[in-house]
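Taking it in order: structure first as structure tokens, then the write-up.
The values are calculated or read from the model by the stated rules, or taken from the named source; none is laboratory data. Note that the structure is predicted; figures quoted are calculated from it, not measured. Cβ sites come from the backbone with ideal geometry, for glycine too, and all protein chains shown count toward neighbours. Surface areas here come from the heavy atoms of the whole protein model, side chains and all, with no ligands, DNA or RNA. Shrake-Rupley method; radii C 1.70, N 1.55, O 1.52, S 1.80 Å.
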Amino acid sequence: MRTLLLLVLLYTCMDTATAQKITPNKYGLMVITTHQQYEQLVKADSNQQLINLETYIPNIKKDVRYATTNNFTHRQLYTKTNIYLRLPAAKALKNVQAALHKKGFGLLIYDAYRPYHVTEAMFKIVPNDLYAADPKKGSGHNRGVAIDLSLVDLKTGKPVAMPTDFDDFTKKAHYNYIPSDPTVTANRKLLRDTMKQHGFKGSSTEWWHFYLPDYKKYPLMDVFF
Ligand SMILES: [Zn+2]
């Protein structure tokens, strides 16, 4: 409902010629497709701002697999490795990083905001909405409030052991899977507990995926940053 209000506000802020550009897509979804529409959205609600996590969160590490061919599609889906989230998600993640630092760990980001057309491309390759968001609904990543991440050990700078690699679509990636190594279980628990303490929800099928529960407040976007 809030999204709808924002989009209505967005319409009224813009001249007719520009506003005509936001028409429902083939699935009836309203998707922000230009930087101008995004700027208007931010003007109406500053929480809609997309924040560059590398400048906002000290010492954050990234391994943006979709900017390489080392991902489940075997195709390079991004030309840049930028990691962005909406302001409230970025703030929460900054607190997660601070809490983890006290325990000797830090964040490793695989993916954050993802333009909508990349979700469409992924679903063509893996048409199973357990693993790739259905373009008929869009993804929390397209809304800038979902994130894929793991932990690094601050002493070594290396990723800690987790049940699987990122984007492993087997049952081992499920949250109810019980790893044989208790350290792996503890690492997964630390990540999940810390994210939860700062307002994120986890996924039952992907240990690395987290999102803000009020994701519907944030419109889907198809703009590169
Ligand atoms: Zn994800």
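Quick notes on this structure:
- Computed [θ] at 222 nm, deg cm²/dmol, the chain (DSSP H ≥ 4; -39,500 (n - 2.57); rounded to nearest 500): -9500 deg cm²/dmol
- Relative to the dominant Cα principal axis of the chain, helix 2-13 is inclined by about 40°.
- Of H141, H74, H209, the one that fluctuates the most in a GNM where the chain has Cα springs shorter than 10 Å: H74
- Check: segment 147-225 dipole with +1 on Lys, Arg Cβ and -1 on Asp, Glu Cβ, in debye: 300
- Ligands, DNA and RNA excluded, the heavy atoms of D168 present near 40 Å² of accessible surface to a 1.4 Å solvent probe.
- Percent RCO, i.e. relative contact order, over segment 99-225, from Cα pairs under 8 Å lying at least 6 residues apart: 29
- Overall, the chain carries a charge dipole of about 380 debye about its Cα centre when +1 sits on the Cβ of Lys and Arg and -1 on the Cβ of Asp and Glu, all other atoms neutral.
- Highest average first, the peptides 218-224, 29-35 ordered by how many other beta carbon atoms sit within 10 Å of their residues are 218-224, 29-35.
- Cross-link table K43/K94; K26/K172; K124/K158; K137/K171; K61/K103, entries beyond 26 Å C-alpha to C-alpha: K26/K172; K124/K158
- With contacts taken as Cα pairs under 8 Å at a separation of at least 6 residues, the chain carries a relative contact order of 22 percent.
- Distance from segment 68-127 to segment 179-225 (C-alpha centre basis), Å: 11
- Note on the chain: with neighbouring protein chains present and a 1.4 Å probe, carbon and sulfur make up 54 percent of its accessible heavy-atom surface.
- Taking the longest Cα principal axis of the chain as reference, the axis of helix 87-101 is set at about 10 degrees.
- Trypsin sites (Lys or Arg not before Pro) within segment 58-104, DSSP loop, no more than 11 other Cβ atoms inside 10 Å: K80, K102, K103
- Length, then width, then depth: along the principal axes, the Cα atoms of the chain run 59, 36, 31 Å.
- Among beta bridges identified by DSSP and lying wholly in the chain, the antiparallel ones come to about 80 percent.
- Surface accessible to a 1.4 Å probe, per residue, for the residues of the chain, Å²: 49
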